[in-house]
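Peer 1: There's a structure below that I have some questions on.
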Amino acid sequence: MMLSASPGLPKGEKEQQEAIEHIDEVQNEIDRLNEQASEEILKVEQKYNKLCQPFFQKRSELIAKIPNFWVTTFVNHPQVSALLGEEDEEALHYLTRVEVTEFKDIKSGYRIDFYFDENPYFENKVLSKEFHLNESGDLSSKSTEIKWKSGKDLTKRSSQTQNKASRKRQHEEPESFFTWFTDHSDAGADELGEVIKDDIWPNPLQYYLNDDEEEEGLEDIDEEGDEDEGEEDDDEGEGEEGEEDEGEDD
């Protein structure tokens, strides 16, 4: 954007106008460099995303040796756990592997794959959800159609449970985690996809271990509490002995 000083302006205003024009020129250079930096950063991300793939594969192989790794990871994550009902957790016990794949150019989108063992809920071995960013910057999504077994559709059961719960209690069960696979209303506001891709996938182990750390913290608190109670008992005992001594003196 080029600005030009209007002729016939007083000297002070003319100087200000010229300064604004120069600021605009400098800003254009800053914007050009920022755009260039974004392109360079994207190239670096593409390079290291490719280098990480063998390590992601090795990690998945090791995770497969740990029973219930992914359901534990999701339950321990504060944002994901808020979306899980009891039956969702039961279904997720059959989840054996999660994979996040960013498209080759990275900027156009990504896919999340959930691999399941044979289970009583649905026929699918893999459930996937993809996010695509078009040239105008709008994000859209598509996903696998879940082939529910008879009477096991958790998305329908969730809505029925909520209708009953709303009449009986204040705290409703959350919508089923699996409704996420059918919700494409606003892909740009899909927080769960972003959480899995940007928070859980880079280091799922930290959330898997979170439960053990919390238990250790609670044990430490309990031990401190026991020590405090012991000190209080000692203080009370000393006080009673003092009172008895005073009575004997009388």
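The values are calculated or read from the model by the stated rules, or taken from the named source; none is laboratory data. Computed from a predicted model, the values in this text were never measured in an experiment. Glycine also receives a Cβ, built like all others from the backbone with ideal geometry; neighbour counts cover every protein chain displayed.
Peer 1: Would you say Ile41 is outside the structural domain of Asp105 (by TED's automatic domain parsing), closer than 30 Å to Asp105 by Cβ and either among the aliphatic types (A, V, I, L, M) or modelled with pLDDT of 85 or more (or both)?
Peer 2: yes
Peer 1: Same structure again: Would you say Ser143 is over 30 Å from Glu40 (Cα atoms) and either out of contact with any Leu (no Cβ under 7 Å at 6 or more places or on another chain) or assigned by TED's automatic domain parsing to the domain that holds Glu39 (or both)?
Peer 2: yes
Peer 1: Moving on to the next point. Please find, among Gln46, Gln79, the residue that is in the same structural domain as Asn203 (by TED's automatic domain parsing) and in a helix (DSSP H, G or I).
Peer 2: Only one candidate qualifies: Gln79.
Peer 1: Can I ask one more? Among the residues that make up the range 4-12, is at least one of them on the phi > 0 side of the Ramachandran plot and either at pLDDT below 95 or surrounded by 10 or more Cβ atoms within 10 Å (Cβ to Cβ) (or both)?
Peer 2: Within the range 4-12 (the criterion being on the phi > 0 side of the Ramachandran plot and either at pLDDT below 95 or surrounded by 10 or more Cβ atoms within 10 Å (Cβ to Cβ) (or both)), the answer is yes, since at least one residue qualifies.
Peer 1: Taking the options Glu175, Glu130, Glu135, name whichever one is within 24 Å of Val100 (Cα to Cα), modelled with pLDDT under 90 and buried (at least 17 other Cβ atoms within 10 Å of the Cβ).
Peer 2: Glu175
Every residue, every condition in (1) loosely packed, with under 11 Cβ neighbours inside 10 Å; (2) under 18 Å from Pro202 (Cα atoms); (3) out of contact with any strand residue (DSSP E or B) (no Cβ under 6 Å at 6 or more places or on another chain), yes or no:
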position	(1), (2), (3)
Pro54	yes, yes, yes
Glu61	yes, yes, yes
Thr72	no, yes, yes
Glu86	yes, no, yes
Glu89	no, no, yes
Asn119	no, no, yes
Ser140	no, no, no
Ile146	no, no, no
Ser150	yes, no, yes
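Peer 1: Oh, and also: State whether one or more residues within the range 208-229 are modelled with pLDDT of 90 or more and touching a Gly at 6+ places or on another chain (Cβ under 9 Å).
Peer 2: No: zero hits.
Peer 1: Looking at (1) surrounded by 12 or more Cβ atoms within 10 Å (Cβ to Cβ); (2) under 21 Å from Thr101 (Cα atoms), which is the one condition that is false for Tyr48?
Peer 2: Single failed check for Tyr48: (1).
Peer 1: Right, next: From the list Lys107, Lys129, which residue is touching a Ser or Thr at 6+ places or on another chain (Cβ under 8 Å) and touching a residue at least 60 places away in the same chain (Cβ under 8 Å)?
Peer 2: That would be Lys129, the only listed residue that is touching a Ser or Thr at 6+ places or on another chain (Cβ under 8 Å) and touching a residue at least 60 places away in the same chain (Cβ under 8 Å).
Each row is one residue, and each column tells you yes or no for (1) in the same structural domain as Ala189 (by TED's automatic domain parsing); (2) in contact with a helix residue (DSSP H, G or I) (Cβ under 8 Å, 6 or more places away or on another chain); (3) assigned to a helix (DSSP H, G or I).
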position: Thr73; (1), (2), (3): yes, yes, yes
position: Leu83; (1), (2), (3): yes, yes, no
position: Asp88; (1), (2), (3): yes, yes, yes
position: Ala91; (1), (2), (3): yes, yes, yes
position: Lys104; (1), (2), (3): yes, yes, no
position: Ser128; (1), (2), (3): yes, no, no
position: Glu135; (1), (2), (3): yes, no, no
position: Arg157; (1), (2), (3): yes, yes, yes
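Peer 1: What are the residues in the range 138-172 that are of a type in the set (Ser, Thr, Tyr) and modelled with pLDDT under 90, if any?
Peer 2: Answer for the range 138-172, where residues must be of a type in the set (Ser, Thr, Tyr) and modelled with pLDDT under 90: Ser158, Ser159, Thr161, Ser166.
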